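Engineer: Below you will find the structure I want to go over with you.
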Amino acid sequence: MNVWFINHYATSPYSAGGNRPFSLCKELAARGHQVVLICCTFNHQTRLDEFPDKTWTYGTQDIDGVRFVWIDGPAYEVNDLHRVQNMITFTRRVLRLADTGGRLPRPDVVLGSSPHLLTPWAAARVADAYGVPYVLEVRDIWPASIVDIHGMHRANPVVVGLAQLERSVSTRASQIVSVLPGGVDHLVELGVDPDRVTWIPNGVDFTLMPPSTDAPGREPLTLMYAGAHGLANGLGVLVAAAALLEAGDARGRIRWVFIGNGPEKPALIAQAERLGLTNVAFEDTIAKSAIYTRLADADAFVANVRDEALYRFGVSLNKFFDYMAVARPTIVGMDSPWNPFASNGAGITVRPDDPEAFADGVLELLAMSQTERAEMGARGRAFVQEGHDFHVLGEKLEQVLQRATEQ
């Protein structure tokens, strides 16, 4: 098959950010398919352009058998109108891909990935232009996300319009991939046949793992967060928990490291400075090809999934699988029917958005022996190796695309 995979926020393995699109495309290419991955030059995670000195609108690059098509897009710093302009520009330029000449193989199937809905809408238009099937990948549920997390009213005209677009791109798709385990329930509410929905969660490219992932095991224990620093991540809760612990009996026994970037990072740094914390460090983003070596420096990981109704459909964050892959326990603030740390004994779950509960979770971790923490980490590693290796997930995506082309 000739596959066009359109994901606005896809990145190369040499950049920071979620690497799911490339990993899936690499697996398809290894199975003999021609794969074109279409994405934006502006990296949403780092807020940097991948090609700052470019003089082109469309550029191509081959990496591990995957043909990247880079589309120039305007920069933005926060989630404001400049980001909307970036979305619109990318969408318009995707629609003009057919005019870029014969550089790309004619697609047999076109996959369009959310979170924002203009990308799958454009993918459907491209598929129509070539007379081929269109597949939708639902990575995040819009507009429910911007209602629950960003507080927009459901009657807002933008939300109403996005809801109509969501129903259109969902019911139009030949097949649908849901990253969320409970995403099928939401799609059924939109009128989608559940037989057209396949759950393909996020995963891990185990070829990137360092030779050894043994935990340091020395105090102060290093608690690490690696990922986006956005409103949805609720990292202020973790900084507040760090302050509580520094003021109590755990003083000097914990070191916190936050790796990544995002619109909330300046406020988080200011919060730590205001609280006078000396046990908290903020670091820049790290390329996916190097992240696991840095993650191996942690004794445990931390995350907070905000207490929102949206998560009743489950959670499938890239960072969760990265954490478990390096065989470390995770302390997670989370209330969702899908919790891989609780169901696999791979971590400690506490109430979300609650600094005191999170601090108690850290104290529970401190009370454990190194052996107990290692056993937790090993259970998480076994879980992702069994069902979240991109080699397995790539095969599942191949089957979805084949079903789409056979309909």
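Readers should treat all values here as calculations from the given coordinates under stated rules, not as data from a laboratory. In this text the structure is predicted, and so the values were computed from the model without any measurement. Counting neighbours? That spans all protein chains shown, and the Cβs are built from the backbone with ideal geometry, glycine included.
Engineer: Is any residue of segment 1-32 close enough, with backbone N under 15 Å, to a label point placed 7 angstrom from the Cα of THR60 along the Cα-Cβ axis, and if so, which?
Structural biologist: Once the point is set 7 Å along Cα→Cβ of THR60, 2-5 turn out to lie under 15 Å by backbone N, inside segment 1-32.
Engineer: I would also like to ask the following. Short version: ³J(HN,Hα) in whole Hz for each residue of segment 8-13, in order, from phi by Karplus 6.51 cos²θ - 1.76 cosθ + 1.60 (θ = phi - 60°), x for Gly and Pro, what are they?
Structural biologist: 3, 9, 5, 10, 7, x
Engineer: Follow-up. Less than 23 Å apart at the alpha-carbon level, and either on another chain or at least 8 residues along: which lysines does that give for LYS265?
Structural biologist: Partners found: LYS288, LYS319.
Engineer: Mind listing the phi-derived Karplus ³J(HN,Hα) values for segment 192-205, rounded to whole Hz, using 6.51, -1.76 and 1.60 with θ = phi - 60°, and x for any glycine or proline?
Structural biologist: Working through the residues one at a time gives 8, 5, x, 5, 8, 10, 10, 7, 10, x, 5, x, 9, 8 Hz.
Engineer: Let me ask something else. What's the angle, to the nearest 10 degrees (0 to 90), between helix 81-95's Cα axis and the longest principal axis of the chain?
Structural biologist: 40
Engineer: Just tell me which lysines come within less than 20 Å, Cα to Cα, of LYS396; anything on the same chain fewer than 8 places away is out.
Structural biologist: Here the lysines satisfying the reach criterion relative to LYS396 are LYS26.
Engineer: For ILE38, which sequence-distant residues (separation of 5 or more, or a different chain) have an amide H within less than 5 Å of its own amide H, given hydrogens modelled in the peptide plane?
Structural biologist: PHE5, ILE6, ASN7, VAL69
Engineer: Sticking with this structure for a sec: Just want the answer: with Cβ charges of +1 for Lys and Arg and -1 for Asp and Glu, which residue in GLY112, ALA382, MET224 is farthest toward the dipole's positive end in the chain?
Structural biologist: Of GLY112, ALA382, MET224, it is GLY112.
Engineer: Pull up all non-local amide H partners of ALA281: gap of 5 or more, or a different chain, and H-to-H distance under 5 Å with H placed in the peptide plane.
Structural biologist: Under 5 Å from the amide H of ALA281: TRP256, VAL257, PHE258.
Engineer: Using alpha carbons only, how many degrees (0 to 90, rounded to 10) separate the axis of helix 20-30 from the longest principal axis of the chain?
Structural biologist: 60
Engineer: Now for a different question. Any idea what angle helix 355-367 forms with the longest principal axis of the chain, computed on alpha-carbon atoms, 0 to 90 degrees, nearest 10?
Structural biologist: 70
Engineer: Given H placed 1.01 Å from N in the peptide plane, which residues other than close sequence neighbours of GLU137 have an amide H under 5 Å from its amide H?
Structural biologist: Here the answer is GLY112, SER113, SER114, VAL177, since their amide H atoms fall under 5 Å of that of GLU137.
Engineer: Could you give the length gained by full extension between SER168 and ARG106, i.e. 0.36 nm per residue of separation minus their alpha carbon distance, to one decimal place?
Structural biologist: In short, 19.8 nm is gained.
Engineer: Once label points are set 7 Å from the Cα along Cα→Cβ at both ARG218 and ARG31, what is their separation, rounded to one decimal in nm?
Structural biologist: The answer from the label model is 4.6 nm.
Engineer: Could you give the length gained on full extension between LEU366 and ARG92, defined as 0.36 nm per residue of separation minus the Cα-Cα distance, in nm?
Structural biologist: Separation in residues times 0.36 nm, less the Cα-Cα distance, equals 93.4 nm.
Engineer: Between PHE51 and ARG125, take the C-beta separation as r, use R0 = 30 Å, and let me know the FRET efficiency to the nearest 0.05.
Structural biologist: Computed FRET efficiency for PHE51 and ARG125: 0.70.
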